[in-house]
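Chemist: One structure coming up, written as structure tokens, with questions to follow.
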Amino acid sequence: MKPRHPESHRAHRAGWLRASVLGANDGIVSISGLVVGVAASGATPAVVLASGIAGVVAGAMSMAAGEYVSVQSQADVETADLAKERRELAEQPESELKELAMIWERRGLDPALAREVAVQLTAHDALGSHARDELGITEALRARPLQAALASGAAF
């Protein structure tokens, strides 16, 4: 059955959009302050322009580098958490199944149904289920350092 209306969600854009907004905001404030300050010093228009261009280049590089390091740290934490979860699933599968069932119970399912959901999700994709339901890590919202760096630097 075809849906009546296509759903167009935008959560997958949150990472680069946040980086773009921060980059643009910082660029506007920093470069405006730099250009006004240099102009107020009585510098020639050529010096004001050169200062503004140098500020944009330096600021864009700085924003991109800072955003990359910040988001890479988040990606490193996600990777470590997934490795730990993978290990726990291999070493303690029943405990992890109970944990997943309890998550679904806290969401409102009765215990028997929560266990059945946990069993089926585990059979389908155990690590993916725990990543999403226990850790809150989804593919759409995963940390993407290079994307964030490019968005922040370009927006600056």
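Chemist: Which of the peptides 35-44, 56-65 is most tightly packed, and how do the rest follow, judged by the mean count of other Cβ atoms within 10 Å per residue?
Modeler: 56-65, 35-44
Chemist: Taking a ≥ b ≥ c as the square roots of the eigenvalues of the Cα gyration tensor of region 16-71, is the shape rounded (a/c under 1.5), prolate (a/b larger than b/c) or oblate? Before the final figure, lay out each step's value.
Modeler: Values: a/c = 3.66, a/b = 2.47, b/c = 1.48.
Cα axes put region 16-71 in the prolate bin.
Chemist: Could you tell me the distance between the Cα centroids of region 118-152 and region 38-115, to the nearest Å?
Modeler: The distance from the Cα centre of region 118-152 to that of region 38-115 comes to 12 Å.
Bear in mind these aren't lab numbers, they're just calculated from the coordinates by the rules spelled out. On a predicted model such as this, the values are computed, not experimentally measured, just so you know. Cβ coordinates were reconstructed from backbone atoms using ideal geometry, including for glycine residues, and neighbour counts include every protein chain displayed.
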